[in-house]
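> Submitted below is the structure of interest, expressed as structure tokens.
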Amino acid sequence: KTRTGTSLRVSVTMLGSGLATVGMPWLSNYLIEHQGWRTAYLAIGLGWGGLVWLVSYFMLHQRRDQPQVEAMAPATELTGYTIGEGIRSDAFIKMFLTILISNLVYFAFSFHLLPILMWSGLSRHAAVAVFSSLGISMIAGTALYGFIADRISPRMLTAILVALPAITLAMLLYPTTSALQRFIAVSAFGLSCGAQLPSFTNLSMRYLGMRSYGALSGLSN
């Protein structure tokens with residue numbers, strides 16, 4: 001199996017964040033306008049929780065529920081760092097700091113994006129539409145990463161993705177009521193965010209190995 005196929009599969013499994021970001025601004029805005037923000041928070045929380053419960057109950061099965069296989073292929077020894085070695089490695093420290101900074105930017109920006117767009121002069125519905133486009137660009141960024149990840153140096157590509165939000169922030173500093181300008185700014189941010197998650201996953205597999213991948217990936221994120 002080629003690395004290209006692996007990167008593409010990893011990217012496809014991470015499209016959920018972008019899909020959710022497309023619809024959630026509209027749903028949240030509708031519920032807040034018609035039911036109030038308290039009911040909106042309750043409905044969204046219970047709704048997503050209930051959906052996850054249904055998926056987990058009906059689609060995830062324990063090992064004992066699966067048919068037993070008479071002959072199992074010998075397990076392949078996984079390579080890479082142990083947890084202790086990984087935490088002390090330069091690769092882990094660099095990835096941890098990169099992911100920390102990227103997440104700080106992402107959450108600070110996404111939490112305040114709607115009021116930022118409205119402060120610049122957009123109506124609430126126009127701001128919600130621009131916010132929703134963030135999900136579309138995230139999907140595009142995730143999918144695009146799957147096709148180009150193994151044709152470009154992963155470190156260089158990740159550096160570009162981490163730096164790309166600077167374009168968005170610079171564009172938002174310019175006062176304008178143009179929805180198109182805001183759409184371009186938000187789309188640049190979405191492309192970066194959509195590709196960052198599979199990029200960090202790819203770097204973890206490449207430079208930390210699969211021996212303790214779950215633990216080290218979880219700690220770095």
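The values are calculated or read from the model by the stated rules, or taken from the named source; none is laboratory data. What you see is a predicted model, and the numbers here were worked out from it, not measured in a lab. Glycine gets a Cβ as well: all are built from the backbone with ideal geometry, and neighbour counts include every protein chain shown. Quick note on the areas: whole protein, heavy atoms, side chains included, nothing else; ligands and nucleic acids left out. Shrake-Rupley method; radii C 1.70, N 1.55, O 1.52, S 1.80 Å.
> For region 120-135, just list the computed ³J(HN,Hα) in residue order, Karplus coefficients 6.51, -1.76 and 1.60, θ = phi - 60°, integers in Hz, with x standing in for Gly and Pro.
Running phi through 6.51 cos²θ - 1.76 cosθ + 1.60 with θ = phi - 60° gives 7, x, 6, 5, 4, 5, 5, 5, 5, 5, 5, 4, 4, 5, 4, x Hz.
> Also, I was wondering about something else. Roughly how many Å² of ASP150 are accessible to a 1.4 Å probe, to the nearest 10?
Here the residue's solvent-accessible area equals roughly 40 Å².
> Could you tell me whether region 106-205 comes out rounded, prolate or oblate from its Cα gyration tensor? Rule is a ≥ b ≥ c as square roots of the eigenvalues, rounded for a/c under 1.5, then prolate if a/b exceeds b/c, otherwise oblate.
It comes out prolate by the Cα gyration axes.
> If you rank VAL52, VAL162, VAL130 by how much accessible surface each has, with a 1.4 Å probe, what is the order from largest down?
Solvent-accessible surface, decreasing: VAL52, VAL162, VAL130.
> Given points 7 Å out from each Cα along the Cα-Cβ axis, report the THR176 to ARG88 separation in nanometres with one decimal.
Each label point lies 7 Å from its Cα, and together they span 5.2 nm.
> Hey, another quick one. For THR39 and ALA166, FRET efficiency with R0 = 45 Å and r from the beta-carbon atoms, rounded to 0.05?
Efficiency, from the Cβ-Cβ distance: 0.75.
> Just read off the accessible area of MET95 with the full protein assembly in place, 1.4 Å probe, to the nearest 10 Å².
Looks like 20 Å² after rounding.
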